[in-house]
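Asker: Handing you this structure, nothing more for now.
The values are calculated or read from the model by the stated rules, or taken from the named source; none is laboratory data. These numbers were taken from a predicted model, which means no experiment stands behind them. Cβ atoms come from the backbone with ideal geometry, glycine included; neighbour counts cover every protein chain shown.
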Amino acid sequence: MSVPFAEVIGDPIAQSKSPLIHGFWLKALGIEGDYRRAHVKPDDLSAYIAERRSDPDWRGCNVTIPHKIAVMDLVDDPGDIRGTIGAMNTVVRQPDGSLIGTNTDAAGFYVPLADLDLEGAPVAVVGAGGAARAVLFALARAGAGHVTILNRSPLKAMGLLATFGLKGEVAGLDAALPPAALLVNSSSLGMTGQPPLDLDLSPLPEDAIVYDLVYSPLQTGLLKAAEARGLDTIDGLDMLIGQAALAFELFFGRSPPEGRDEELRALLTA
Ligand code: NAP
């Protein structure tokens, strides 16, 4: 008997934690369904989408590097993701075979910040890639105040401020941090195999929050330095689980089980 399934596609794909997360929720809820990983190379993306479109058991897929931009040409975009965040991380198959692309990263990023009042708050963001776009989209929605983007290529960051209608400035990675209420690392720096992110955190006020999107390793050098200064921190698993939760609802029509996040985090860090 066939069962509904979703999957995560990318190149490479072995490192993806999405099958663990969705598999945990499927089992916890007793849903007869499956979540797989599929290795899809860039040249095969179009054929992959065409084939899955005709499979009524396929609920959709999460999309990771390097397909987040290319997939936008292959699916419908009713939420104008192309004109806003500019990258899709989720494709959902409708019963009539049409495919809707969306992005759950921005909402996933915002989940652990939902109880904070960011209206008018000064924020610093490191990075100007795909993840930074989701972060800036969410910050604009939350009414963030002055936004300082620090990036290796500051010019790239300049365009992002305008894209998201944010007021602020851009700087290189060697610039001093502003006294931001929230510091977000959305760059690859600090990730396993990448150079560390070395920032002097002393300009941050005592009640600042430091949020690192990197989740491998989970306890990054940035978070260690923030904790050493007594600042509150948020690690990359919160966003990873948050964006997955929204995709799970779209694929399987149910919310993830409540009260199981600690168990899931333990599974993801085992
Ligand atoms: P991306 O589009 O490739 O952007 C990478 C960013 O890192 C760019 O700003 C780039 O600077 C900067 N960078 C890369 N290597 C650098 C180096 N050697 N020196 C200085 N800057 C460097 O990648 P992404 O998709 O935005 O992902 C960025 C990070 O966010 C990754 O660690 C990813 O795992 C994480 N992430 C986490 C979640 C989550 O759910 N927690 C979700 C999405 C992404 P330039 O602009 O100058 O190239």
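Asker: Which residue, of 161, 155, is within 16 Å of the ligand (Cβ to nearest atom), surrounded by fewer than 17 Cβ atoms within 10 Å (Cβ to Cβ) and assigned to a helix (DSSP H, G or I)?
Answerer: After applying the criteria, what remains is 155.
Asker: Taking residue 175 as the residue in question, decide whether it is away from the ligand (no atom under 16 Å from the Cβ) and either in contact with a strand residue (DSSP E or B) (Cβ under 6 Å, 6 or more places away or on another chain) or closer than 17 Å to residue 146 by Cβ (or both).
Answerer: no
Asker: Which residues, taken from the stretch 1-46, are in contact with a helix residue (DSSP H, G or I) (Cβ under 6 Å, 6 or more places away or on another chain), in a strand (DSSP E or B) and over 16 Å from residue 249 (Cα atoms)?
Answerer: Of everything in the stretch 1-46, just one residue is in contact with a helix residue (DSSP H, G or I) (Cβ under 6 Å, 6 or more places away or on another chain), in a strand (DSSP E or B) and over 16 Å from residue 249 (Cα atoms), namely 37.
Asker: Now for a different question. Just checking, how many residues over the stretch 61-74 are buried (at least 22 other Cβ atoms within 10 Å of the Cβ), touching a Leu at 6+ places or on another chain (Cβ under 8 Å) and among the aliphatic types (A, V, I, L, M)?
Answerer: Counting residues in the stretch 61-74 that are buried (at least 22 other Cβ atoms within 10 Å of the Cβ), touching a Leu at 6+ places or on another chain (Cβ under 8 Å) and among the aliphatic types (A, V, I, L, M) gives 1.
Asker: Continuing with the same structure: Please give the number of the condition residue 132 fails out of (1) more than 16 Å from the ligand (Cβ to nearest atom); (2) of a type in the set (Gly, Ala, Ser); (3) not in a strand (DSSP E or B).
Answerer: (1)
Asker: Between a first residue in the stretch 112-128 that is within 13 Å of the ligand (Cβ to nearest atom) and a second residue that is of a type in the set (Asp, Glu), which pairs have beta carbons less than 7 Å apart while being 6 or more apart in sequence or on different chains?
Answerer: 112/238
Asker: May I ask you to verify whether residue 242 is within 16 Å of the chain's Cα centre (by Cα) and either modelled with pLDDT of 95 or more or of a type in the set (S, T, N, Q) (or both)?
Answerer: It is true that residue 242 is within 16 Å of the chain's Cα centre (by Cα) and either modelled with pLDDT of 95 or more or of a type in the set (S, T, N, Q) (or both).
Asker: So is residue 176 in contact (Cβ under 8 Å) with a residue 24 or more places away in the chain, surrounded by 20 or more Cβ atoms within 10 Å (Cβ to Cβ) and small (Gly, Ala, Ser) or not?
Answerer: So residue 176 fails the test.
Asker: Here are some conditions: (1) of a type in the set (S, T, N, Q); (2) at pLDDT 95 or above; (3) surrounded by 16 or more Cβ atoms within 10 Å (Cβ to Cβ). Residue 94 meets all but one. Which one does it not meet?
Answerer: Of (1) of a type in the set (S, T, N, Q); (2) at pLDDT 95 or above; (3) surrounded by 16 or more Cβ atoms within 10 Å (Cβ to Cβ), only one is false for residue 94: (3).
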